[in-house]
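The values are calculated or read from the model by the stated rules, or taken from the named source; none is laboratory data. All of these numbers come straight from a predicted model, not from anything done at the bench. Glycine also receives a Cβ, built like all others from the backbone with ideal geometry; neighbour counts cover every protein chain displayed.
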Amino acid sequence: MNGLSKLLSLAALAWGFAAPALAQTPITIGYQLPLTGTQSQYGEVFRNSAVMQLEKLNAAGGVGGRKVEILFEDSKSDPKEAVAIARKFVDDKRIIAVLGDFASGPSMAAGEVYGKEGMAQLSQTASHPDFLKVSNWQFRNITTQAQEGPFNARWMHGAGIKTVAVIGLQNDWGLSATGEFAKEFEKLGGKVVATELFNPGTRDFRAILTKVSQRKPEAVYLAMFYEEGALMLQQARQLSLAARIHSASPFYAPKLVELAGPAANGVFISSTFVAESTAPNVKAFVEEYKKRYGSEPNQFAAQAFDAVGIMFEAIKRAGPNATRAQMRDALAATADYPGVTGTTTFDKQSREPAKVLSRMEIQAGKFVVLR
Amino acid sequence: MDATVFLQQLVNGLSIGLVYALVAIGFTLIFGVLNVVNFAHGEVFTVGAFGGLLVITMLAPPLWVVLLLVLLIGGFSGFALERLAFRPFRRFADEASLKSKAMREATLLSSLAVSIIVRELLELKFSGEMQTIPQSFLLQSPIALGPVLITDGNLVIFGSSALMLGALQYILFRTRVGMAIRAVSNNVLGAQFVGIDTNRTIIATFVVGSLMGGIAGIMVGLYQGAIFPHMGFEPGIKAFVAMVMGGLSSPGGAVICALIIGVSETFATQFVSDGWKALVSYGFLLLTLWFFPSGIFATRKEKM
Amino acid sequence: MARHLNRWLILALVVVLVGLSMANKSYLNQVAITTMIFIVLTASLNYVTGTAGLLSLGHAAFFGVGAYAAALLSTKAGWSFWFTLPAAGVITAAIGIVVALPTMRLVSIYFAVATLGIGEMLYVTMLNWVGLTRGPMGIRSIPAIELPGAKALGLSSTEVSMLAVALVMLASLWAMHRLSHSFYGNSLRALREDDACADAMGIDIARLKLEAFAVSCFFAGIAGALFAHTTGYISPESFRFGESILVLSMAVIGGLGSLYGSVIGAVVLSVLPEALRELGSFRMIVVGLVLFLSILFLPRGLLGEVSALDLVRRQLRRAPAAGGRRRW
């Protein structure tokens, strides 16, 4: 009995030491994203990247000895649900900052709540030009079209192209993408011979392509995401459209090549994320992602990876017992964050991220960086 | 606008219209017999496409084998659908119940519920994104007809709609099952009185309508290169509109109206812009209904 | 019984609202707000589809028209909520009359398809008329509802919104109740059961249809204004055909033709998806299952009106289905 009681008291002692550590509440971040619905493919890769970052952080001890946890909530990319989730997150006293949403609609609607109630919101993809104007609490790490549009315009102008037709998706991203590109291209002296916007959900673009090809543009700028983009490329090929095709970073996705096949070859895109990059952090990210999830990460996965990373860095900066206001300030202080989508700095006045873009071309089914 | 562009846009419009027409045929058949809007027809379309894709990726047989298997898949889905969403509401076999508003609401909602469940299950298994289709199966090789470009997919779809309409005509007018179907759609009570097994006939209608829907699914999927869980929604709506515009009674009328919708959409894009094309095609619908309050090809003046 | 039901429901509502305020969770307030907005919307659909028998498949678009009217009036012209609310209702009713005029000759399914077309046309206009509606950019920073004296009572902004929405909802339900439970309402039901017969009896069916549609659009516009002011940001994507189907489902689950039914249907389909959040990806499947099971076992909805079926049975001298609710 002596041995047993010794054992028991040892166990009790050990438990006594362990209990406070176990009782340490984790630092909680909310993440609202579309896990079901028509945009679920984006939410899934966001969660993939977030989980990767989270496990890496917690394996290294978390922040200040406390683990970090992420609470994922499915918004279905529906503004109504986004607002409900925003309220839920705001009510939850453990949550100190929030990531998401994917599309600008839900992000803006939720943003109204976060702005009123004071919770920092970092979106990996919300590119609506007014997103950061909703309040002081909004952040994003995606390059805006005000940057990407002119980048592509200068590229095409520099390649000697004089006439361009612009085809874009009728959503906030597409509207700003086509607008910013056209503005810069015309400023440089080029001519936009046609602008066609189509409603989300359209799958047959032959009418648009036929209409656009009438004007005989030298190049076509496609402002859309990779799924409709793949269809557009295939149909352009079927209609023997003889123009150089350019697009922007959402086209940077292995899925584009899978869907479009040979029609994707020869397409030029701008991108912040380059999977083939030799930079060590990018290589590590790509390899780890491929190992875990069996597919190469696309632009969206990379954006989320960086967003979560930026959030974690802000937590470290603000300290494990940060308040929501302190998290906001910590996020605002993000500078030279070494992300896989490039070094990211938030502007002191506007909080807009400054990113570096690369030029790429799809050759034989691979994305190749052009020097 | 020169002739080439006009012709090309006409062809573009007809090809979109044929896609809607394919879906409208099966949809109209089911409505014509049961007087019910089958909200799940779009999902039968989707299931046909996914089923075909699975067959392609697992077995990679020649196309005609894929189509044959999809026929089976579609027929089976129709059978299951009828059992699940429509049969439980035919507890009373009298005419008043079968044609009552309450029955219509109930089956509308139950088929909607089934469509939601099927779509969510597909999304769970395959995620909402477009599925990768092996390039060799895509029906997208361009074919030049003079100055105009079409694809082999257009020919396949055109061929199948013609075949479907022809097969439907044959089934409806040259077989006993078809006669039973026509009898039931005309007067359910009367059909029962002459000894027709209405339940079996209704099942047959669903099977035939759904196997057409399934085939439509795989063909459109291979033609457009886009197979994803929500793909049946838009063609379903257009098929519904085409059916009503055509006067509800005949699949042929629905096909013609589907073509009209497709062509009006394309020319709207040409002359206005793609974003506003819905305004034109639905405006066309309203115009048609203004002049033909019962649809263009309406035959029966029966009140619904 | 019906009168008592009325009082019990209002009492239940008051209890729920007070309970929510005490729980002090803005999330629950938000869910309550959304639910009440959909109650108004569903009741308005029920008015035209259940009581007057005109199946409307474009209702979400009118919801959107009201929302945009309120949003534009408050952000561009600086009107306060209490003015944008009735204005939104009137504007939506006016647009409803204008677009419905060409469809007055149509019956049931043709009318339904026409409303589907109208709904799509309105949605496309909201999306593409960027000059007016800002298109896909949406309208943001719509001011929230303000109640004078709320600060003094220490109410949070969501609580204020919740109270205001509850007030408007009760007023709307009362109005629709008075309209449908009256001789006027009976003429609407006559329209539903057999419009040729009603016409033969001397009822002006074209005008009646227009009026029913106008009233329904008015309340849809009211719901839209509530939505705009309580969400703060609106964009065309919230007003598509899918939403129309959602509202229709709410009306049918509760029982077409019954106002109380619309309330219950809206509550079920608003609260259920939220309550099931734990289920993650299975959430919508369960909702679909609930929809299916409810239509299977409660074919006339939870509180359905007497169906046409029983009417016909009585005519044919067959006993009305015994036990009313569960069989037909």
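Some notes on this structure:
- Test: residue in region A:85-102 that is over 17 Å from the mean Cα position of the chain (by Cα), in contact (Cβ under 8 Å) with a residue 24 or more places away in the chain, part of a loop (DSSP other than H, G, I, E, B) and under 28 Å from residue C:282 (Cβ atoms): yes
- Elements of type helices (runs of 4 or more DSSP H) contained in region B:121-193, each with 2 or more residues being closer than 30 Å to residue B:53 by Cα: B:152-174
- Here residue A:198 fulfils each of the conditions (1) touching a His at 6+ places or on another chain (Cβ under 6 Å); (2) under 29 Å from residue B:150 (Cα atoms) apart from (1).
- Scanning region A:52-70 for residues that are under 16 Å from residue A:289 (Cα atoms) and free of Cβ contacts under 8 Å to residues at least 12 places away in the same chain yields a total of 2.
- Residue check for residue A:371: surrounded by fewer than 19 Cβ atoms within 10 Å (Cβ to Cβ) and not small (Gly, Ala, Ser): yes
- Within region C:18-72, restricting attention to residues that are within 13 Å of chain A (Cβ to nearest Cβ) and assigned to a loop (DSSP other than H, G, I, E, B), the residue that is modelled with the highest pLDDT is C:25.
- Residue within region B:104-118 that is hydrophobic (A, V, I, L, M, F, W, C), at pLDDT below 85 and outside any helix (DSSP H, G or I) present: no
- In region B:1-99, counting only helices (runs of 4 or more DSSP H) that sit wholly within it, the ones holding 1 or more residues that are within 14 Å of chain A (Cβ to nearest Cβ) and at pLDDT 90 or above span B:3-34, B:41-59.
- Residue ranges of strands (runs of 3 or more DSSP E) in region A:163-223 with at least 1 members under 28 Å from residue A:109 (Cα atoms) and of a type in the set (Phe, Trp, Tyr): A:191-198
For every residue, the table says whether it meets (1) within 30 Å of residue B:37 (Cβ to Cβ); (2) charged (D, E, K, R); (3) within 14 Å of chain B (Cβ to nearest Cβ).
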| position | (1), (2), (3) |
| --- | --- |
| C:115 | yes, no, yes |
| C:124 | yes, no, yes |
| C:127 | yes, no, yes |
| C:130 | no, no, yes |
| C:139 | no, no, no |
| C:145 | no, no, no |
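- Pairs with Cβ under 8 Å, 6+ apart, first in region A:196-217 and within 7 Å of another protein chain (Cβ to nearest Cβ), second aromatic (Phe, Trp, Tyr) and crowded, with 23+ Cβ neighbours inside 10 Å: A:198/A:205; A:208/A:198
- Within region A:257-279, the set of residues being of a type in the set (A, V, I, L, M) and closer than 14 Å to residue A:364 by Cβ comprises A:257, A:260, A:263, A:264, A:267.
- Check on residue A:241, touching a helix residue (DSSP H, G or I) at 6+ places or on another chain (Cβ under 6 Å), outside any helix (DSSP H, G or I) and within 14 Å of chain B (Cβ to nearest Cβ): yes
- Some residue of region C:92-101 being within 21 Å of residue A:80 (Cβ to Cβ) and either in contact (Cβ under 8 Å) with a residue 40 or more places away in the chain or touching a strand residue (DSSP E or B) at 6+ places or on another chain (Cβ under 9 Å) (or both): yes
- A single entry from A:147, A:124 fulfils the requirement of being modelled with pLDDT under 95, away from every other protein chain (no Cβ under 14 Å) and either more than 23 Å from residue C:234 (Cα to Cα) or more than 23 Å from the chain's Cα centre (by Cα) (or both): A:147.
- Only one of C:218, C:213, C:111 that is within 22 Å of residue C:33 (Cα to Cα), of a type in the set (Phe, Trp, Tyr) and buried (at least 17 other Cβ atoms within 10 Å of the Cβ): C:218
- Region A:55-78 - residue that is part of a helix (DSSP H, G or I) and out of contact with any Phe, Trp or Tyr (no Cβ under 7 Å at 6 or more places or on another chain) and, of those, farthest from residue A:39 (Cα to Cα): A:59
- Of the residues in region C:95-104, at least one is away from chain B (no Cβ under 14 Å) and either touching a His at 6+ places or on another chain (Cβ under 9 Å) or surrounded by fewer than 21 Cβ atoms within 10 Å (Cβ to Cβ) (or both).
- Yes/no for residue B:237 being under 16 Å from residue B:41 (Cα atoms), within 19 Å of the chain's Cα centre (by Cα), among the β-branched types (Val, Ile, Thr) and within 14 Å of chain A (Cβ to nearest Cβ): yes
- Of all residues making up region A:225-238, the number that are part of a helix (DSSP H, G or I), more than 10 Å from chain B (Cβ to nearest Cβ) and touching a Pro at 6+ places or on another chain (Cβ under 9 Å): 1
- Of the residues screened, residue A:261 is one that is at positive phi and outside the structural domain of residue A:306 (by TED's automatic domain parsing).
- Of the set (1) crowded, with 19+ Cβ neighbours inside 10 Å; (2) away from chain A (no Cβ under 12 Å); (3) closer than 29 Å to residue C:107 by Cβ; (4) under 16 Å from the mean Cα position of the chain (by Cα), all apply to residue C:175 but (1).
- Hits in region A:284-317 (condition: surrounded by fewer than 24 Cβ atoms within 10 Å (Cβ to Cβ), out of contact with any Leu (no Cβ under 8 Å at 6 or more places or on another chain) and among the hydrophobic types (A, V, I, L, M, F, W, C)): A:284, A:286
- Check on residue A:106, within 29 Å of residue A:339 (Cβ to Cβ) and within 12 Å of chain C (Cβ to nearest Cβ): yes
- The listed residues are A:160, A:168, A:149, and the only one of them that is outside the structural domain of residue A:335 (by TED's automatic domain parsing), surrounded by fewer than 22 Cβ atoms within 10 Å (Cβ to Cβ) and either in contact with a Gly (Cβ under 7 Å, 6 or more places away or on another chain) or not aromatic (Phe, Trp, Tyr) (or both) turns out to be A:160.
- For residue B:146: the one exception among (1) closer than 25 Å to residue B:27 by Cβ; (2) of a type outside the set (Ser, Thr, Tyr); (3) modelled with pLDDT under 85: (1)
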